[in-house]
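Engineer: One structure is given below, represented as structure tokens, and several questions about it will come after.
Each value in this text was obtained by applying a stated rule to the coordinates, not by laboratory testing. Remember, it's a predicted structure, so these values are computed and weren't measured experimentally. Counting neighbours? That spans all protein chains shown, and the Cβs are built from the backbone with ideal geometry, glycine included.
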Amino acid sequence: MPPSASEPEATVTGLPVKASLIETKQSSLNNGGGIDQLLPRLEINHKEPLKLKGTLDKFESFDVTPVIGKEFVNVDLAEWLQASNSDELLRDLAITVSQRGVVFFRKQDNITDDLQKQLVQRLGELSGKPLTSKLHIHPINNAGRDHGGKDDEISVISSEQAKKLFADRFSTFGFDSRRQSGKNQWHSDITFEPVPNTLWASGYELYDRISPTLRQFLDTLTAYYAQPGFNESAARNNFDLYTAPRGAPENVGDVLEAVHPVVRTNPVTGWKSVFAVGHHVKRINGLSEAESQHFLGWFNQLVVENHDLQVRLKWRDVNDLAIWDNRSVYHAATPDYVYENGLGERQGSRAVSLGEKPYFDLQSKSRREALRGESS
């Protein structure tokens, strides 16, 4: 079994955004009309953060960096799934994942695809995900593709498949490549839905590094998220996107676009993070094109230039496993498998447990504010 990457609580989506609404709004802004009355409203909600009960304290672990990442040592997750206090263990694990952003486990040789699916679904359920949110089915990376496996709810992450489906993205790589930036690799997964060495970066810490005055402005904004590249890849490779419900009743059809907050509250922690990062977010609503691109580019720049809000995992053993909270963490693969003298092809199994529709909580705090309050 290949290395695994599990993502509890990825984005569940709202209804698709009609292109006519987006075009009308953008046209009005470009004509100097100011803030358009058709701007999507900011989704507001509140949920009390969850507290750890200390169930995992007896297991050896360490924080990989001060800001993001935790690794458990010599733990067999299959045993946790079958333990008499399994719910307590997994609930505290879900909270730990949300607080630390990403959690690593080595050599999970007893975790099958079915157990991986069970694990991420229970992590979501035990931390309060909606009953209608199940496991995501990727519009492209599903059992219908070459190298796609046999289970639609397990996305096989294959470097061979990626190079076929997204040949345009890999055209800048190669032995003679002069590519000088990897900033476009960073993203949160499937934010277009209306509900290798790999790096992760903390959206909590990114938010904390922005000045309070600017944070107050960003808290009020929404953004337009879309992934037309999947439609283009499907047309180029002569297949149809998966259009049936993709893990939630809202996630249907072949229009891969949604409106979400720029700053999202994680309901498990109650902490704010910058959500509008990566190639799925296209523009910030209510701003001019130049202003929107400035902020989106600046968010990416902050991720790339601040290595101390990042953590890196070297996939050392077959069946190493990572679980991350896609609401508050970005990730990027290191494309060292594409070069003539690279490390060879890679393959991993990913299960994604859908969470809630992204929202902003007026009572939520930044991570640093919350931790200062706990220590005072």
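Engineer: Determine, for each peptide in 252-259, 89-96, the mean count of other beta carbons within 10 angstrom over its residues, then list the peptides with the highest first.
Structural biologist: Working: 252-259: 20.4, 89-96: 23.2.
Descending mean neighbour count gives 89-96, 252-259.
Engineer: Is there a pair in 150/282; 53/134; 53/365; 53/357; 129/150 whose C-alpha atoms are over 29 Å apart, and which pairs would that be? If you can, show how the numbers build up before the last one.
Structural biologist: Values: 150/282 33 Å; 53/134 26 Å; 53/365 21 Å; 53/357 27 Å; 129/150 26 Å.
Long pairs (Cα-Cα over 29 Å): 150/282.
Engineer: Sticking with this one: Could you go through segment 228-240 in sequence order and give the Karplus-derived ³J(HN,Hα) for each residue, using 6.51 cos²θ - 1.76 cosθ + 1.60 with θ = phi - 60°, rounded to whole Hz, and x for Gly and Pro?
Structural biologist: Couplings: x, x, 5, 4, 5, 5, 4, 5, 5, 9, 6, 9, 9 Hz.
Engineer: Let me ask something else about it. Starting from the Kirkwood radius over alpha-carbon pairs of segment 48-89, derive D by Stokes-Einstein at 25 °C in a medium of 0.890 mPa s and give it in µm² s⁻¹. Write down the numbers at each step before the final one.
Structural biologist: Details: Rh = 11.9 Å.
The estimated diffusion coefficient comes to 206 µm²/s.
Engineer: Please compute the length gained on full extension between residue 216 and residue 318, using 0.36 nm multiplied by the number of residues separating them and subtracting their Cα-Cα distance. Show your work: numbers first, answer last.
Structural biologist: Numbers: separation 102, 0.36 × 102 = 36.72 nm, distance 4.45 nm.
Computed gain between residue 216 and residue 318 is 32.3 nm.
Engineer: Each residue of segment 81-96 in turn: what ³J(HN,Hα) in whole Hz from Karplus with 6.51, -1.76, 1.60 and θ = phi - 60°, glycine and Pro shown as x?
Structural biologist: Once rounded to whole Hz, the list reads 5, 9, 5, 5, 9, 4, 4, 5, 4, 6, 5, 5, 5, 4, 5, 4.
Engineer: Under 5 Å between amide H atoms, partner at least 5 residues away or on a different chain: which partners does residue 356 have, H built in plane at 1.01 Å?
Structural biologist: Result for residue 356 returns 12.
Engineer: Let me ask another. How far apart, in nm, are the 7 Å Cα→Cβ label points at residue 305 and residue 39?
Structural biologist: Label at residue 305, label at residue 39, 2.7 nm between them.
Engineer: If you don't mind, there's one more thing I want to ask. Which distance in nm do the two modelled labels at residue 83 and residue 197 give, with both placed 7 Å along the Cα-to-Cβ direction?
Structural biologist: 3.3 nm
Engineer: Ranking request for peptides 369-376, 201-208, 104-111: highest mean number of other beta-carbon atoms within 10 Å first, then the rest in descending order.
Structural biologist: Details: 369-376: 10.6, 201-208: 25.1, 104-111: 18.2.
Those peptides, ordered most packed to least, come out 201-208, 104-111, 369-376.
Engineer: Still on this structure, I have one more. Amide H neighbours of residue 247 under 5 Å, at least 5 residues apart or on other chains, H built in the peptide plane: list them.
Structural biologist: Amide H neighbours of residue 247, under 5 Å, 5+ apart: 137.
Engineer: Okay, moving on. Stick to Cα atoms and the Kirkwood definition of Rh, then tell me Rg/Rh for segment 211-278. Display every interim value, and only then the final one.
Structural biologist: On the way: Rg = 16.0 Å, Rh = 14.4 Å.
In segment 211-278, Rg relative to Rh is 1.11.
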